[in-house]
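The values are calculated or read from the model by the stated rules, or taken from the named source; none is laboratory data. These numbers were taken from a predicted model, which means no experiment stands behind them. Glycine gets a Cβ as well: all are built from the backbone with ideal geometry, and neighbour counts include every protein chain shown.
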Amino acid sequence: MITFYTYPGPNSRKAQIMLEESGEAYDTRKIDITKGEQFDPAFLAISPNNKIPAIVDHTPQGEVPVFETAAILTYLAEKSGRLLPAAGAKRFDVLAWLVWGTGSVGGTLPQLHHYADLPVPVPGTVERFTTEAVRLFKVLERRLQANEYICGEYSIADIPTFCSTAGWLQRVKQLSDGQLGDTPAIDRWLQAVAARPAVRRVG
């Protein structure tokens with residue numbers, strides 16, 4: 001059994017989709033970040049960076065805590081034998097795109113969200129993060145023009161980028177004033193991932 005520590009948001013959605021894809025049994029515990037529960041010593045023992053999501057796998061050999069979204073997805077993929085090649089070039093291709101999705105895409109879009117919605121704009125910030133978001137989505141569009149999923153077959157590389165893209169693609173198109181044009185490959189991929197039963201269960 002796995003305990004899933006969560007609070008509503010895109011990063012928790014990424015981890016929960018993989019929990020559903022893995023077939024692992026899990027229960028959910030909400031960490032209310034509006035009340036500062038992420039700073040509770042018991043939670044910090046699981047997630048030292050005081051961030052959600054996190055999991056604890058209660059194994060016969062003992063408890064295995066895992067924090068950081070990319071690490072959670074990798075752990076679940078390895079445990080279940082799903083959505084991550086076991087070895088070789090394909091494995092490291094998936095891991096590279098997983099880090100790209102959690103670090104590059106997952107790092108840029110929250111910054112854009114923060115600055116785009118400030119009541120008093122900070123000069124240059126929206127333009128800077130919009131430009132980077134456009135660049136990243138163009139990378140993704142080129143990749144998906146050549147592949148059905150990011151790494152050919154559906155994998156843990158798709159999950160974080162899907163969650164970020166589904167929430168922000170249209171907003172970036174609006175903010176970029178045409179810099180990011182049509183994205184037919186991304187649109188096709190978003191529909192394919194959204195149709196997966198595990199993704200639909202998470203919502």
Single residue of the stretch 4-40 satisfying the filter (under 18 Å from Gly167 (Cα atoms) and among the hydroxyl-bearing types (Ser, Thr, Tyr)) that is surrounded by the most Cβ atoms within 10 Å (Cβ to Cβ): Ser12
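Here is a yes/no grid of residues against (1) outside the structural domain of Val139 (by TED's automatic domain parsing); (2) within 20 Å of Tyr115 (Cα to Cα); (3) touching a Gly at 6+ places or on another chain (Cβ under 9 Å):
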{"position": "Ile159", "(1), (2), (3)": "no, no, yes"}
{"position": "Leu175", "(1), (2), (3)": "no, yes, no"}
{"position": "Pro184", "(1), (2), (3)": "no, no, no"}
{"position": "Ala192", "(1), (2), (3)": "no, no, no"}
Tell me which residues, restricted to the stretch 149-178, are assigned to a loop (DSSP other than H, G, I, E, B) and of a type in the set (A, V, I, L, M). Ile150, Ile156, Ala157
Taking only pairs six or more apart or across chains, which ones have beta-carbon atoms under 7 Å, a first residue in the stretch 54-69 that is touching a residue at least 40 places away in the same chain (Cβ under 8 Å) and not assigned by TED's automatic domain parsing to the domain that holds Ile159, and a second residue that is surrounded by fewer than 13 Cβ atoms within 10 Å (Cβ to Cβ) and not in a strand (DSSP E or B)? His58/Met1
For Phe129, state whether it is of a type outside the set (D, E, K, R), buried (at least 21 other Cβ atoms within 10 Å of the Cβ) and under 23 Å from Leu76 (Cα atoms). no
Out of the residues in the stretch 179-203 that are free of Cβ contacts under 8 Å to residues at least 24 places away in the same chain and not in a helix (DSSP H, G or I), which is nearest to Ala133 (Cα to Cα)? Gly181
